[in-house]
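Following: one structure in structure tokens, then a few remarks.
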Amino acid sequence: MRPSNTVALACALSVAVVVACGSSPAGPLAVDATDAGADGADSEPGRELLGGDTTVFNASGLAYSFPASNLSNALRDTFSFGDHMFARNWVTAPASTEGDDGLGPTFNATSCSACHLRDGRGAPPREPGEDFVGLLVRLSVPGSDEHGGPLGEPSYGGQLQPFSILGVPVEGKPRVTYSERAVTLAGGEVVSLRVPVYTFDALAHGPMAPGAMISPRVAPAMIGLGLLEAIPEADLRAMADPDDADGDGISGRVNEVWDARAGRAAVGRFGWKANVPTIEQQVAGAFLGDIGITSSLVPRENCPDVQAECRAAKTGGEPELSDTKLAAVTLYSRTLAVPARRDVDDPEAQEGERTFVTLGCAACHAPRFVTGDFPGIEAISRQTIRPFTDLLLHDMGPDLADGRPDYLATGTEWRTPPLWGIGLLERVSKHTFLMHDGRARNVLEAIVWHGGEAQRSRDAFVASPESSRRAVLRFISTL
Ligand SMILES: [Ca+2]
Ligand SMILES: [Ca+2]
Ligand SMILES: [Ca+2]
């Protein structure tokens, strides 16, 4: 599946020949014919179907919110109920309506959709001093828990909750400020990168423990997640090259995390560090961590020992979320459709797709997988998908590092994010903030931020002529 990008990079690095390399039908590029045509562009019929048969043809502001096109009628009711639970606001216990309460005691938001608005992506605060909503801060101290996961900060736990119910103190308020750093691209175009600095105001339980580590992360888009869960584990392991045996400078690694439902270690797929194995666990974790709603999978309220008011607060039931609701939101999160590509025949987009391959982008942003059988959801089973991710961890260099390990992920590693749907982000989420903490204001800045294993690829992009760079951006805008 993996394009041989030793050759690709050698080709791309001599800027003048990028296009010649990419467009030569019998050129030196050894690109697997199942991923892409001999010239590096995907010419397979159906290449606009990024999510296989789940794909929806819609490019509106609601493009991320449709059920998989092929979802059975039997599951559509559950999807709708899950949709409702995803959007509803939780309230403080006790409330008059049973089953709708249990918010907090501390929380980041009162609904899933507050962060994943229109099933889209969260944004960092627009103004200094504004509250964090779609951006949350994970916390830990050195060491690991009994399953190899991060060890929560003793007074604040694994995540900072900047909101709370009446009578319970908020944990604190995260703040971010940015400084600008200019980078000049070939031909003179200047890109300014925003370098973030994070601080905390009003920490209610004293300073964090010595050595405390933070990881700010924005809410990703919700599309195609079940398809990513249905990629056979063996295919992800086959993409991994932990010791860089093929010498291309890229050494994707699988994260191994704890599967709470199965009670065993499993491949991590979700979250910015592939720190969660299944959508169900991510959903249950979000209910508790982000909203304060307990479930059978995560039954204890999120109140570290020192937080007395939090521990004394009323709960909305034990657990607060029924298994039926957990299952519905899980099904919903697994079956949101991926929107179709647009303008696949546009010549500039096709040139950009070839350049994306020759620059080595596709080595991590893997263009194609076939999903396996997913028990209970036929719609996402055996689908040919084009997610543009390998779901693997890559060292992205010191500038992007959060310095906070997460299971096997080191402080410099991040999971390759999927690029499907990215061209519709602005329409859906009304912003174009990218990367794990939303520091990049657009796709161009996101590319220039790449370092570590992606340094060669990023440098080749920066050294490419403006027309080639524009073609890559055009290609990405069709996804
Ligand atoms: Ca609660
Ligand atoms: Ca906390
Ligand atoms: Ca390699």
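The values are calculated or read from the model by the stated rules, or taken from the named source; none is laboratory data. If you're wondering where the values come from, they're calculated on a predicted model, not measured in any experiment. All Cβ positions, glycine included, derive from the backbone under ideal geometry; neighbour counts span all protein chains shown.
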* Is there a residue being under 24 Å from LEU391 (Cα atoms), aliphatic (A, V, I, L, M) and more than 16 Å from ligand 2 (Cβ to nearest atom) anywhere in the stretch 308-322? -> no
* Structure fact -> Among (1) more than 16 Å from ligand 2 (Cβ to nearest atom); (2) touching a Gly at 6+ places or on another chain (Cβ under 7 Å), ALA327 falls short only on (2)
* Would you pick out the residues in the stretch 415-430 that are surrounded by fewer than 19 Cβ atoms within 10 Å (Cβ to Cβ) and either part of a loop (DSSP other than H, G, I, E, B) or not charged (D, E, K, R) (or both)? -> LYS430
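Among the acidic types (Asp, Glu) and under 30 Å from PRO405 (Cα atoms): does that describe GLU301?
yes
Considering each of GLY289, GLY316, GLY360, GLY285 in turn, give the residue that is of a type outside the set (A, V, I, L, M) and within 16 Å of ligand 3 (Cβ to nearest atom).
GLY360
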* To do: Consider ARG334 carefully, then state whether it is within 21 Å of SER65 (Cα to Cα), crowded, with 24+ Cβ neighbours inside 10 Å and in contact with a helix residue (DSSP H, G or I) (Cβ under 9 Å, 6 or more places away or on another chain).
  => yes
* Asked: What pairs come up if the first residue lies in the stretch 325-350 and is on the phi > 0 side of the Ramachandran plot, the second is modelled with pLDDT of 95 or more and hydroxyl-bearing (Ser, Thr, Tyr), and their beta carbons are under 6 Å apart, counting only those six or more places apart or on different chains?
  -> ASP343/THR478
* Asked: Of the residues that make up the stretch 257-276, is at least one modelled with pLDDT under 95 and in contact with an Asp or Glu (Cβ under 7 Å, 6 or more places away or on another chain)?
  -> no
* Asked: Is at least one residue of the stretch 50-60 within 16 Å of ligand 2 (Cβ to nearest atom), crowded, with 23+ Cβ neighbours inside 10 Å and of a type in the set (Ser, Thr, Tyr)?
  -> no
* Extreme residue, nearest to ARG121 (Cα to Cα), among residues of the stretch 272-320 that are charged (D, E, K, R) and part of a helix (DSSP H, G or I) -> ASP290
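Confirm whether GLY158 is buried (at least 16 other Cβ atoms within 10 Å of the Cβ), more than 16 Å from ligand 3 (Cβ to nearest atom) and either on the phi < 0 side of the Ramachandran plot or among the aliphatic types (A, V, I, L, M) (or both).
yes
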* Asked: For the stretch 252-259, does any single residue satisfy the condition of being within 16 Å of ligand 3 (Cβ to nearest atom) and either of a type in the set (Gly, Ala, Ser) or part of a helix (DSSP H, G or I) (or both)?
  -> yes
* What about THR412, is it among the β-branched types (Val, Ile, Thr), surrounded by 20 or more Cβ atoms within 10 Å (Cβ to Cβ) and touching a Cys at 6+ places or on another chain (Cβ under 7 Å)? -> no
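Which members of the stretch 438-471 meet the condition of being within 21 Å of the chain's Cα centre (by Cα) and over 25 Å from THR410 (Cβ atoms)?
Within the stretch 438-471, ARG441, ASN442, VAL443, LEU444 qualify.
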* Only one of PHE461, PHE433, PHE388 is out of contact with any strand residue (DSSP E or B) (no Cβ under 6 Å at 6 or more places or on another chain) and more than 21 Å from ALA362 (Cα to Cα); which? -> PHE433
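From the list ASP235, ASP248, ASP145, ASP259, which residue is more than 16 Å from ligand 1 (Cβ to nearest atom) and farther than 30 Å from LEU331 by Cβ? Walk me through it before giving the result.
Details: ASP235 fails: farther than 30 Å from LEU331 by Cβ; ASP145 fails: farther than 30 Å from LEU331 by Cβ; ASP259 fails: farther than 30 Å from LEU331 by Cβ.
Result: ASP248 is the single residue among ASP235, ASP248, ASP145, ASP259 that is more than 16 Å from ligand 1 (Cβ to nearest atom) and farther than 30 Å from LEU331 by Cβ.
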* Structure fact -> Among residues of the stretch 63-94 being β-branched (Val, Ile, Thr) and more than 25 Å from the chain's Cα centre (by Cα), the residue farthest from ligand 2 (Cβ to nearest atom) is VAL91
* Check whether at least one residue in the stretch 363-374 is free of Cβ contacts under 8 Å to residues at least 24 places away in the same chain, more than 20 Å from GLY224 (Cβ to Cβ) and assigned to a helix (DSSP H, G or I), and report yes or no. => no
* To do: State all residues of the stretch 242-255 that are over 16 Å from GLU229 (Cβ atoms), in contact (Cβ under 8 Å) with a residue 40 or more places away in the chain and out of contact with any Ser or Thr (no Cβ under 8 Å at 6 or more places or on another chain); if no residue qualifies, say none.
  => GLY249, ILE250, SER251, ARG253
* **Members of the stretch 78-99 found to be surrounded by 16 or more Cβ atoms within 10 Å (Cβ to Cβ) and within 12 Å of ligand 1 (Cβ to nearest atom), listed by number** => TRP90, VAL91, THR92, ALA93
* Between a first residue in the stretch 98-126 that is touching a residue at least 12 places away in the same chain (Cβ under 8 Å) and a second residue that is of a type in the set (Asp, Glu) and in a loop (DSSP other than H, G, I, E, B), which pairs have beta carbons less than 7 Å apart while being 6 or more apart in sequence or on different chains? -> GLY102/GLU320; PRO105/GLU301; THR106/GLU171; PRO124/ASP437; PRO125/ASP131
* **Given (1) over 19 Å from GLY292 (Cα atoms); (2) in contact with a Lys or Arg (Cβ under 7 Å, 6 or more places away or on another chain), number of the condition SER111 does not satisfy** => (1)
